[in-house]
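Below is one structure, written out as structure tokens, with a few remarks after it.
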Amino acid sequence: MSFPPSFLEELRSRLPLSEVAAKRIRLTRAGREYKACCPFHHEKTPSFYINDDKRFYHCFGCGAHGDIIGFVMHYDRLSFPEAIESLASLAGLAVPQDTPQERERYDQEKRLYLLMEKTTAWFEEQLFATSGREALHYLQGRGLTEEGMRRFHLGFAPQDAQLLIRRMTSEGFTPDEMLQVGLVKKAPDRPDHYSFFRNRVMFPVGDSRGRTVAFGGRVMGEGEPKYLNSPDHPLFHKGKLLYGLSRARQALSQGQPIIVVEGYMDVIALVENGYLGAVAPLGTALTEDQLMLLWKLLPPLDARDPSRDYSPILCFDGDGAGLKAAVRGVARALPLLTATQTVRVAYLPEGEDPDSLLKQSGKSGMQPVVDQAKNMIDVLWEQTIASRRLQTPEDRSAFTQALREKIKAIRDESLRRLYGEEIKNRLDALFERNKTVERAPAKAGFSKRVPPSGPIIARKGIGNPERIKEKLMLAVMINHPELFGEFGEEWLRISFVNADLEALRRHLVDLYAETEHDPLDAAALYRHLSGDAEQKKLEASLNDLLSDRTYVYGLFARPDRSTEEARKGWKSIWNKHLLERYQVDFEAAKKLYMEDPSDVNRVRFETLREQVRLLTDESVGRDELD
Ligand SMILES: [Zn+2]
């Protein structure tokens, strides 16, 4: 489509660039111009200038340069015609069309948008009318304020199947137009139309520019289907849109993450609590198109703040169904991953969805979920390792193959190679660790209280997942001494393989003994350490331990986290280690029992089998996949 130059000129003259830009970025006046931090590359001091007289913007940092149309295209990520359309509606100008057919199609489309807008307003009106009382109570019962309902233009579709049709007819729309956008249906054997949505709470679904293009209608109380969504029509394709999309770009520019959740109510609850980037698919699982749509919102690589993770967070319920959905979501995203487009995965506490979690504990309940979103590589690793045994060469081979199989799905060649390398490093570290367990080395020089068969954990360097676990456990011990009463026995029994961490653990245990469980804190431990050169090294380890370098792997270990959170985090790691140890013992007992089926060996075998089973039940919960 081409536009007459005179029209483009009029557009430019009607809208000052600074006015349009000010709605998107923070401008400050600088003489006859405006300046800002460039939205097109990452910078801390402004080198982006707007000159309204000359009608252009220029960045002295990255060379970005253009007029108002270019700015909107670039910033809002729109095509040229889309940018024109958006600016024209802002300026109150009609977009000239090339051919009569185009003109007609454009006019028709415009009428359909208008029909959707009027219908949204009418549904909203019904919600606050007498007939909508039940719906209003229903929404209030779900914790929504009137302000919140208005913000999302929630509405009510009355039971009477003719009301909407009568109203929209009086507004000048035809039943055929209503049929086109799925507002009404028509029985094949009857001449009249009837409303598609009846006696439902209505959620208008906006397109990327916020124009209503569809509705989701929810029954109040019981009834099927729980949600009824508009069918696809010329303005709406459910697989290519997300609920909350128009807000997501704004959220990104405010430094907030995109959070993909399951339902309308989840999005609303999140936005009401300040998470503007919440979006949800429309009654289906997340599609490739929807992922692409989200990635399209992200700024180009050179405009990104390198310290910030822009990747959308796929948020799943912590129950079995949620975990299965997470596996499917990851499988859908894998082929599409590149250096600039990836996702993270976050799990909600079991039995919660964002709506219920926020109601129960507000932002302080939700923020840890967001903060602990995991990278793809970790998710992939955890999903594959979950509930697997890794004792025999066959087990390990199967595990390795399963991982390689998953990575194959990544289409981006260089990323696939990097995933391969990372997986190889992790496998090496893991199997090295397992070897250590099998050898069960005797350890000299430990405190007498430590039996030599404590769970044996890490072996080498930073980034080793086992060293990380060891650090997390120790950080909980230091930051949450109130748990000593509960875990003291385990804290005495455990032994770490990393010498520096083990030394710190022993200092801590001595300190507990000396102070007879008086209140302890990290400062007390530092005092306990001060001394010779050996201690200096430990102090360095301690500094490293009590820092984000540790907490980044498990926020529950931080001193400012609740006891409950710390307890949960510790328990899950502890259970995994016990399980690993018992599995080794169990394999040995099994072998012994098969060679010599005596009563003693049978009891030993059965006892260990039961212990492994109990621990598996306890710790798998969220890991039970496939
Ligand atoms: Zn720039």
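Since every read-out is calculated from the coordinates, none of them should be taken as a lab result. A quick note: this is a predicted structure, and the numbers were derived from the prediction, not measured. Note that each Cβ is placed from the backbone with ideal geometry, even for glycine, and that neighbours are counted across all protein chains shown.
Brief remarks on what is shown
- Size of charge dipole - region 111-250 - debye, nearest 20, with Cβ of Lys, Arg +1 and Asp, Glu -1, no other charges: 420 debye
- Whole-Hz couplings from phi, Karplus 6.51/-1.76/1.60, listed for region 74-86; x for Gly and Pro: 5, 6, 8, 6, 10, 6, 4, x, 5, 5, 4, 4, 5
- Global geometry of region 334-410, whether rounded, prolate or oblate, following the gyration tensor of its Cα atoms and the 1.5 cut on a/c: oblate
- Pairs over the 32 Å Cα-Cα cut-off, from the set Lys226/Lys469; Lys238/Lys576; Lys44/Lys408; Lys238/Lys408; Lys469/Lys590: Lys226/Lys469; Lys238/Lys576; Lys44/Lys408.
- Comparing Val184, Ile268, Ala88 along the charge dipole axis of the chain, the residue lying farthest to the positive side is Ala88, per the Cβ-charge model.
- By average C-beta atoms within 10 angstrom, highest first, the peptides 348-360, 475-487: 475-487, 348-360
- Computed from point charges on the beta carbon alone (+1 for Lys and Arg, -1 for Asp and Glu), the dipole magnitude for the chain about its Cα centre is near 860 Debye.
- Every Cα-Cα pair in region 306-440 was counted, and those over 25 Å apart are 37% of them.
- Dividing the mean sequence gap of close Cα pairs (under 8 Å, 6+ apart) by how many residues the chain holds gives a relative contact order of 7 percent.
- In the chain, the C-alpha radius of gyration followed by the widest Cα-Cα span (Dmax) gives 30.3, 98 angstrom.
- Listed peptides 541-547, 104-110, 147-153 by packing density, highest first (mean Cβ within 10 Å): 541-547, 147-153, 104-110
- Per-pair calculated FRET efficiency, R0 = 56 Å: Glu19 and Asp176 via Cβ, rounded to 0.05: 0.90
- Comparing Leu139, Phe203, Ser170 along the charge dipole axis of region 104-205, the residue lying farthest to the positive side is Leu139, per the Cβ-charge model.
- Percentage of interatomic Cα-Cα distances in region 188-303 larger than 24 Å: 30 percent
- Beyond 15 Å, the tail of the calculated P(r) for region 250-353 holds 62 percent of the Cα pairs.
- Once the Cα atoms are used to define both axes, helix 354-371 deviates from the longest principal axis of the chain by about 70 degrees.
- Counting only Cβ charges, +1 for Lys and Arg and -1 for Asp and Glu, the dipole size of region 17-131 around its Cα centre is about 560 debye.
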